[in-house]
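Written below as structure tokens is the structure these notes are about.
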Amino acid sequence: EEIEIECFDGTHKLILNSAIPVCDDLGQFHGVFVVNEDVTERKRAEQALIQSNELIGRAFNSIDVLIAYMDRDFNFIQVNEAYASADGHLVEYYEGKNHFDLYPNAENQSIFETVVKSGQPISLHEKPFTFPEHPEYGTTYWDWTLQPVKDSAGKVEGLVLSLRDVSASRRARDKL
């Protein structure tokens, strides 16, 4: 069990207290082996990580740029609220689904594959897109960046797709 103790100097520490009974071959109890491990710093680090993740999560969902994080096979790991609401879904809808099962597009898939193979990011301007579930939206236009996420050895393990809807400005320019 974890217990909080007060040290002689008045400071407080968290101790992981474990006890194991010591018995002979006949099962006769002879004593207890006790281990106390100071886990104060580990608990502080865990709490700091939790707070950091909460902050990142709040920032991730507070921006109006659509963001999706996918594995190297283009399966969604996480999307922000802006991404989900653009297509009328909840954030949870995307988890584990493949991007190109939801949004089939051979040209875009080729671009994604190139980023995974090359490890180089790509940015596109006013890329046309039609939502498969919402043909009433018509053709929309997007500025997007596809950023590879690499492991410590430099191998691409995922992708971050960020999108900004530029349809209104494109349509206004087309009218001119």
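The values are calculated or read from the model by the stated rules, or taken from the named source; none is laboratory data. Every value quoted in this text rests on a predicted model; they were computed, and no experiment measured them. All Cβ positions, glycine included, derive from the backbone under ideal geometry; neighbour counts span all protein chains shown. Protein only, heavy atoms only, side chains kept; ligands, DNA and RNA dropped before computing areas. Shrake-Rupley method; radii C 1.70, N 1.55, O 1.52, S 1.80 Å.
Among the residues of region 68-87 satisfying the criterion of being under 23 Å from residue 136 (Cα atoms) and not hydroxyl-bearing (Ser, Thr, Tyr), which is most open to solvent (accessible area, probe 1.4 Å)?
First pass over region 68-87, keeping only residues under 23 Å from residue 136 (Cα atoms): 81-87.
In the following step, the residues that additionally are not hydroxyl-bearing (Ser, Thr, Tyr) were identified as 81-82, 84, 86-87.
Numbers: 81: 102, 82: 22, 84: 2, 86: 27, 87: 8 Å².
The extreme case among them is 81.
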| Among the residues of region 36-67, how many are surrounded by 12 or more Cβ atoms within 10 Å (Cβ to Cβ) and hydroxyl-bearing (Ser, Thr, Tyr)? | 1
| said: Being closer than 24 Å to residue 171 by Cα and among the aromatic types (Phe, Trp, Tyr) is true for just one of 131, 60, 112. Which residue is that? | reply: 131
| task | Enumerate the pairs (first residue in region 160-174 and open to solvent by 90 Å² or more (accessible area, probe 1.4 Å); second residue anywhere and not in a helix (DSSP H, G or I) and not polar (S, T, N, Q)) with beta-carbon separation below 6 Å, excluding pairs fewer than 6 apart on the same chain, so at least 6 apart or on different chains. | result | 164/65; 164/143
| said: Taking the condition of being open to solvent by 70 Å² or more (accessible area, probe 1.4 Å) and either in a loop (DSSP other than H, G, I, E, B) or within 16 Å of residue 165 (Cβ to Cβ) (or both), how many residues in region 133-150 meet it? | reply: 3
| request: Can you tell me which residue among 67, 63, 77 is within 30 Å of residue 145 (Cα to Cα) and at pLDDT below 90? | output: 63
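Can you name every residue in region 42-72 that is in contact (Cβ under 8 Å) with a residue 12 or more places away in the chain and either assigned to a strand (DSSP E or B) or out of contact with any helix residue (DSSP H, G or I) (no Cβ under 9 Å at 6 or more places or on another chain) (or both)?
Once the filter is applied, which keeps residues that are in contact (Cβ under 8 Å) with a residue 12 or more places away in the chain and either assigned to a strand (DSSP E or B) or out of contact with any helix residue (DSSP H, G or I) (no Cβ under 9 Å at 6 or more places or on another chain) (or both), region 42-72 yields 43, 66, 67, 68, 69, 70, 71.
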| task | Find the residue count for region 115-132, including only residues that are modelled with pLDDT of 95 or more and either more than 15 Å from residue 162 (Cα to Cα) or assigned to a loop (DSSP other than H, G, I, E, B) (or both). | result | 6
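Restricting region 88-100 to residues that are out of contact with any Phe, Trp or Tyr (no Cβ under 7 Å at 6 or more places or on another chain) and either more than 25 Å from residue 139 (Cβ to Cβ) or at pLDDT 95 or above (or both), which is least open to solvent (accessible area, probe 1.4 Å)?
91
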| Is one or more of the residues making up region 116-123 open to solvent by 20 Å² or more (accessible area, probe 1.4 Å) and under 18 Å from residue 138 (Cα atoms)? | no
| message | Any residue that is out of contact with any helix residue (DSSP H, G or I) (no Cβ under 7 Å at 6 or more places or on another chain), open to solvent by 80 Å² or more (accessible area, probe 1.4 Å), not in a strand (DSSP E or B) and not acidic (Asp, Glu) - is there at least one of those in region 6-23? | response | yes
| task | Could you grab me the full set of residues in region 101-114 that are in contact (Cβ under 8 Å) with a residue 24 or more places away in the chain and either open to solvent by 60 Å² or more (accessible area, probe 1.4 Å) or more than 18 Å from residue 163 (Cα to Cα) (or both)? | result | 104, 109
| note | Here the qualifying pairs (Cβ atoms under 8 Å; residues six or more apart or on different chains; first in region 2-23 and under 14 Å from residue 38 (Cβ atoms); second of a type in the set (A, V, I, L, M) and not in a strand (DSSP E or B)) come out as 2/39; 14/39; 15/39; 16/39
